[in-house]
Protein chains: 2
Amino acid sequence: MLNDVQAYIDSNEAVFIEDLKTILKFPSVSADSKFKQDLLNCADWLKKHFEDIGLTAEIIPTAGHPIVYAEWLGAPGAPTVLVYGHYDVQPPDPLNLWTTPAFEPTIRDGKIYARGATDDKGQFLTHVKAVQSWMKVHGKLPVNVKFVIEGEEEVGSNNLDLFLEANKKKVACDVAVISDCPQYGPGLPAITYGLRGMYACEVTIHGPNRDLHSGAYGGSVANPATYLAHMLASLHDKQGKIQVAGFYDGVIPLDDDERTAYAALPFDEKTYLNDIGLKVGFGEPGFTTNERRWARPTIEINGLYSGYIGEGPKTIVPSYAFAKITCRLVPGQTPHEVGRSLETHLRQQCSIAIRMDFKEYHGCEASLVDRHSPYMAAAKKAIKTGFGKEPLLIREGGTIPVVKTLKDMLGVDTLLLGWGLNSDCLHSPNEHFTLADYQRGTKASAALFTELAK
Amino acid sequence: MLNDVQAYIDSNEAVFIEDLKTILKFPSVSADSKFKQDLLNCADWLKKHFEDIGLTAEIIPTAGHPIVYAEWLGAPGAPTVLVYGHYDVQPPDPLNLWTTPAFEPTIRDGKIYARGATDDKGQFLTHVKAVQSWMKVHGKLPVNVKFVIEGEEEVGSNNLDLFLEANKKKVACDVAVISDCPQYGPGLPAITYGLRGMYACEVTIHGPNRDLHSGAYGGSVANPATYLAHMLASLHDKQGKIQVAGFYDGVIPLDDDERTAYAALPFDEKTYLNDIGLKVGFGEPGFTTNERRWARPTIEINGLYSGYIGEGPKTIVPSYAFAKITCRLVPGQTPHEVGRSLETHLRQQCSIAIRMDFKEYHGCEASLVDRHSPYMAAAKKAIKTGFGKEPLLIREGGTIPVVKTLKDMLGVDTLLLGWGLNSDCLHSPNEHFTLADYQRGTKASAALFTELAK
């Protein structure tokens, strides 16, 4: 049966590209309220499109941009697959750096250029097209499918958890699928089985009640910028190992077979560093670059501010200084525990001569999906079918909170099947998606439904 | 003879206040080119005013705003006194915080409110009024006087050294007088015999060629903000003692009698700290607050920047981080040597995983005037006459580069006779000058001419 579906996908390549162009034309920028109606229009098109291909669909309002929900539940007894995606996109700015306009999808050299091409419209649409192909060819699917396509991923998915919590029965499933991540490299399809979590905070050091003349006062009061430097310097040793008591507690170490597998991955350190303008890597001793970025926790300073940062010198003792800090967490860590360790450590470093404010943002635990589950086996086979190659099994250093939510709330694993590439310029001008990957992803998705039904 | 002059000053109080109002009405803001003509108008008024009171005067153009030069050399054999001052003022912003407009001088509670009232129009004008009084009463002065009133003090005095260098003979003198600093406190006139010097630089740490996604890269590259924190933290120990090799080399220690004198000064640490919103002081162990701010060198971070400093978190490894640093120097240190010590220290702390840029700004050595010279004795007596009180002998932590220039170029000491108060809101809205101090300063200046002639 699958062969007929794959043949349909091949013969409808041009049609599917037209559908992709259509959805890419909506400037569904969630961060900017002036695009509110465009998000509604995009959601509306998507709902109708789901209905056109034979699913029931609805637009579910939230406190922000709506969620599009669609389902086909005509395979009783078969597993139920939940596909998550997002129809909102990053702002297209800076506009002048786009070769062709961000919302006028244009094909060049086998790639489609538009904001949202790879993140995430092009990627989630492969599953829609796979469903469409099954429905057109056979009038049914081998599994039940549900789609949750939200409109707020790029602004923090603030209303997604509320929706899932309130609709647990509706979204109940056996396994989730998300295509919102990259392949390991060009021609190197991958399944991401691990993600890092996140903890974010901001620490502000308050000194004098105003910027002081450094001549009149300098030397007689604690300088908040200097003190912040002391506190931040105490977070790592000079080799990059974290010095915060309790920070590494509970960290689940990498399996030996994972380390062996990562060592065997095609990876050119020099190219990796060269791309980001560096000659020398850096990080926790005893780990490779991929281990460091995928499976080891971090404390990163994301921003620093104090005093005068304009042109030339200014002779002041600044009134305050702050640092924005995020931690990437690995399995075994919780945002709460990491937050307490970090805050305790910083307070211990603080002097009585200054005052410290500690502000906490969101947190999210890491995710680790069982590499040996039948779902994973099905995904491997599906990718082999779609891409003609066995996928690599990798982790990613980033955070996709919904993966953790789906696990905690619905008890299901998520298959992270990336069809994009890190070089697709996501969040940057000239975002694009390789049309061959759009096609291969659609075929892999079609095959996945067969494999999951087994 | 002096008694007649003092009587003249008393009986002309109202006239002298009118003259002060007149000069304060010129919006001679040197930082903003739209006030260029106002500076010229102010210089012009000043030149004419010098001529009106019996001096020869000229306006000397510079690459920037002109210098007003005036002299009366009718006392052959008597010493020559050079008075330095500046007719330019700080910008008056924020305008909405002024109770009455910055350039509409207004008297309230015995104080005159206007930009420039204390810094420096009101203060240098006391010497002009003293000269005027001598000339009116006796048709002559007991000493020769020269005035150098520049128009660029608030923007770095860029053309002053060039003028002095090119006019060494014209400005030759035996002693210089500057009233551009405060009394020790209300009712506590003082002579400032020491000033700190200055060294300014900026250090930038370059990491990746762009801000990186902290999920994809975090942990595998050196974070420039973290590294900058390490480098800055290494400048001081946690007690505030500087750890830069060679930094304290050559520092001339405080005399025992200076430390004794400072300890005897009226000083309430609690009030000092309370005014700036602090409960606890901080600084180099083994020194008091006044010693720390007047006579010990410092390294202050004046500004810090890296990555994202807007609202909320942003998950990046920043591309670069910088710090603005100034050092206050004390006698025995040179900007060049301090700069080399600092740069060498920072480079030693730097990692091969990052790149450091070091940018140097201006520098200036500290000044220390002989407390036991006859000029100092004359100034003490003059202040006793004008203010009815012995002056305190203090240092200031700030930097007045012209003092060092006058010493190096003309070989003369400067008497720093402050008539203002730290609470006069100089550089802030509602700048003011106490009219009684304007009067007392004028009398002290009139007496100084007598004392210097002895």
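What follows draws every value from the coordinates through simple rules; no lab data is involved. It should be emphasised that the depicted structure is a prediction, and the values quoted were computed from it without experimental measurement. Cβ placement follows ideal geometry from the backbone for every residue including glycine, while neighbour counts extend to all protein chains displayed.
State whether segment A:266-331 is rounded, prolate or oblate according to the following rule on the C-alpha gyration tensor (a ≥ b ≥ c being the square roots of its eigenvalues): a/c under 1.5 gives rounded; otherwise a/b larger than b/c gives prolate, and the remaining case gives oblate. Verdict is oblate for segment A:266-331. Where Lys and Arg each count +1 and Asp and Glu each count -1, what net charge lies around B:TRP294 among other residues with Cβ under 12 Å from its Cβ? Net charge in that neighbourhood comes out at +4. Once backbone amide H atoms are built at 1.01 Å from N, B:GLY420 has B:CYS181, B:GLN183 as its partners under 5 Å, excluding neighbours fewer than 5 places away on the same chain. Chain B holds its axis-closest Cβ, relative to the rotation onto A, at the residue and whole-Å distance B:ALA233, 2. Remark: mean inter-chain Cβ contacts per residue of B:322-331 equal 4, using a 10 Å Cβ-Cβ cutoff to other protein chain atoms. For A:LYS36, the lysines whose Cα comes closer than 16 Å to its Cα, not counting residues fewer than 8 places off in the same chain, are A:LYS25. Using a simple spin-label model with pseudo-atoms 7 Å out from Cα toward Cβ, B:LYS140 and A:ILE252 lie 10.0 nm apart. For segment B:147-234, a Kirkwood hydrodynamic radius built from all Cα pairs, placed in the Stokes-Einstein relation at 20 °C and 1.002 mPa s, yields a translational diffusion coefficient of 112 µm²/s. Rounded if a/c is under 1.5, else prolate if a/b beats b/c, else oblate: with a ≥ b ≥ c from the C-alpha gyration tensor eigenvalues square-rooted, which is segment A:240-302? Oblate, since a/c reaches 1.5 and b/c is not below a/b. Ranked from largest, the principal axis spans of the Cα set of chain A equal 82, 50, 45 Å. Diagonalising the gyration tensor over the Cα atoms of segment B:47-203 and scaling each eigenvalue by 5 before taking the square root yields semi-axes of 27, 22, 17 Å, largest first. Here, the protein assembly as shown yields an orientationally averaged convex hull projection of 41.2 nm² when only Cα atoms define the hull.
Sorting A:9-18, A:115-124, B:386-395, B:421-430 by average packing, meaning the other beta carbons within 10 Å per residue, from highest down gives A:115-124, B:386-395, B:421-430, A:9-18. Comment: the Cα-to-Cβ extended label point of A:LYS21, at 7 Å, lies 7.9 nm from its counterparts in the other copies, nearest first. Within the shell of other residues whose beta carbon sits under 10 angstrom from the beta carbon of B:GLY418, the net charge comes to -3, with Lys and Arg scored +1 and Asp and Glu -1. Ordering B:ILE252, B:MET135, B:VAL171 by the projection of their Cα atoms onto the charge dipole of chain B, which places +1 on the Cβ of Lys and Arg and -1 on the Cβ of Asp and Glu, puts B:ILE252 at the extreme positive end. Relative to its residue count, segment B:163-316 spans a Cα convex hull of 243 Å³ per residue. Relative to the dominant Cα principal axis of chain B, helix B:121-138 is inclined by about 20°. Semi-axes of the equivalent ellipsoid for segment A:130-184, computed as √(5λ) from the eigenvalues of its C-alpha gyration tensor and ordered from largest down, come to 25, 17, 10 Å.
Remark: mean inter-chain Cβ contacts per residue of B:284-296 equal 3, using a 10 Å Cβ-Cβ cutoff to other protein chain atoms.
Take every Cα pair under 8 Å in segment A:217-294 that's 6+ residues apart, average their separations, divide by the length, and report that relative contact order as a whole percent.
30
The Cα center of segment A:163-189 and the Cα center of segment B:136-158 differ in position by 80 Å. Excluding same-chain neighbours fewer than eight residues apart, the lysines reachable from B:LYS146 by a Cα-Cα span under 19 Å are B:LYS47, B:LYS48, B:LYS121, B:LYS129, B:LYS136, B:LYS168, B:LYS169, B:LYS170, B:LYS404, B:LYS407, B:LYS443, B:LYS454. A Cβ-based charge dipole, computed about the Cα centre of the protein assembly as shown with Lys and Arg at +1 and Asp and Glu at -1, lands at about 560 debye. Set Lys and Arg Cβ to +1 and Asp and Glu Cβ to -1, take the dipole of chain A about its Cα centre, and tell me which of A:CYS181, A:ASN12, A:PHE449 lies farthest positive. Positive-most Cα among the choices belongs to A:CYS181. Computed from the C-beta positions of A:ARG355 and B:ARG108 and an R0 of 45 Å, the FRET efficiency is 0.80 to the nearest 0.05. As a rough guide to protection, the peptides A:322-328, A:397-403 ranked by mean Cβ packing within 10 Å, highest first, stand as A:322-328, A:397-403. Only Cα pairs under 8 Å and at least 6 apart count here; give the relative contact order of chain B as a rounded whole percent. Relative contact order, chain B: 25 percent. How many nm is it between the label spots at A:ALA261 and B:VAL280, if each spot is 7 Å from the Cα in line with the beta carbon? Taking the two extended label points, one gets 5.1 nm. Averaged over peptide A:308-319, the number of partner chain Cβ atoms lying within 10 Å of each residue's Cβ comes to 6.
Between helix B:2-11 and chain B there is an angle of about 80 degrees, using the helix long axis and the longest principal axis of the Cα atoms.
From its DSSP helices (H runs of at least four residues, each -39,500 (n - 2.57)), the protein assembly as shown gives a residue-normalised ellipticity at 222 nm of -10000 deg cm²/dmol. Distances, shortest first, from the label point of A:GLY74 to those at the same position in the other copies read 11.5 nm; the point lies 7 Å along Cα to C-beta. Computed over segment A:275-428, relative contact order equals 19 percent, with contacts defined as Cα pairs under 8 Å that lie 6+ residues apart. Model label points for A:THR100 and A:THR22, set 7 angstrom from Cα along the Cα-to-Cβ axis, are 1.9 nm apart. Along segment B:17-27 the Karplus relation, 6.51 cos²θ - 1.76 cosθ + 1.60 evaluated at θ = phi - 60°, assigns HN-Hα couplings of 5, 4, 4, 5, 4, 4, 6, 6, 6, 6, x Hz to successive residues, with x for each Gly and Pro. Basic side chains Lys and Arg get +1 at the Cβ, acidic Asp and Glu get -1 at the Cβ, and with that the dipole of segment B:194-293 about its Cα centre reaches some 460 debye. How many angstrom lie between the C-alpha centres of segment A:1-45 and segment B:1-80? Cα centroid to Cα centroid, the span is 77 Å.
Between the residues B:SER367, B:TRP419, B:GLN348, the greatest Cα displacement towards the positive end of the dipole of segment B:348-423, with unit charges on the Cβ of Lys, Arg, Asp and Glu, is found for B:TRP419. Rounded to the nearest 20, the Cβ-based charge dipole of chain B about its Cα centre (Lys and Arg +1, Asp and Glu -1) stands at 300 debye. Partners of B:LYS238 within straight-line reach, counting lysines whose Cα lies under 25 Å from its Cα and excluding those fewer than 8 residues away in the same chain: A:LYS238, A:LYS241, A:LYS314, A:LYS324, A:LYS359, B:LYS270, B:LYS279, B:LYS324.
Let me know the shape class of segment A:340-391, please: from the alpha-carbon gyration tensor, a ≥ b ≥ c as square roots of the eigenvalues, rounded when a/c is under 1.5, otherwise prolate if a/b is greater than b/c, or oblate. Since a/c reaches 1.5 and a/b is larger than b/c, the shape of segment A:340-391 is classed as prolate.
Here A:LYS34 yields copy-to-copy label distances, from shortest upward, of 2.8 nm, the label point defined as 7 Å from Cα along Cα to C-beta. Highest mean first, the peptides B:145-156, B:23-34, A:242-253 sorted by other C-beta atoms within 10 Å per residue fall in the order B:145-156, B:23-34, A:242-253.
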